[in-house]
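Values quoted throughout were computed directly from the atomic coordinates according to the rules given, and no laboratory measurement underlies them. Since this is a predicted model, take the numbers as computed values, not measurements. FYI the Cβ positions are ideal-geometry reconstructions off the backbone, even for glycines, and counts take in every protein chain you see.
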Amino acid sequence: MIELIERAAEEDRYDLVKDILIRYKDIKRIYAYQLETYWNNISSVEAYYRTNMDFLKRDVRSYFFKEGNSVFTKVDDLPPAKYNPGANISNSLIACGSIVNGTVETLLYSRRHILETIVLSKILLS
């Protein structure tokens, strides 16, 4: 597999599914499992964006963040997100260290941002 990945990279091919799995399926022994859960091929900036926006869907979030399971991540000792008076949040994930002063709709928001009084829709900020 490493050889196939290196060969694809030398040819400026970076899509694992199209450029490796499908391309070499008749040459190499490639095995797969059929998934009946969430999966997305992140092969472009648009696909990366869509996959991130999928986390706003309750069923996708509940698949990855089940009750009782721990999620381990790099510790960043920031205060929790601050929602100032007048803040109105809907269908959004706001990270620690962020300050919300306005309205936020359908947004994934990473750490250490200040959001003033504007309405954003379907945007990933990092």
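Where nothing but the Cβ of Lys and Arg (+1) and of Asp and Glu (-1) is charged, how large is the charge dipole of the range 1-87 around its Cα centre, in debye to the nearest 20? Display every interim value, and only then the final one.
Details: 14 positive and 15 negative charges, 64 e Å.
Once rounded to the nearest 20, the dipole reads 300 debye.
Can you tell me the order of 49-58, 32-41 when each peptide is scored by its average per-residue count of other Cβ atoms within 10 angstrom, highest first?
Ranked by mean Cβ neighbours within 10 Å, highest first: 49-58, 32-41.
HN-Hα J couplings of the range 48-57 from phi, Karplus 6.51/-1.76/1.60, θ = phi - 60°, integer Hz, Gly and Pro as x?
Whole-Hz 3J(HN,Hα) from phi for the range 48-57: 4, 4, 4, 5, 5, 5, 4, 5, 7, 7.
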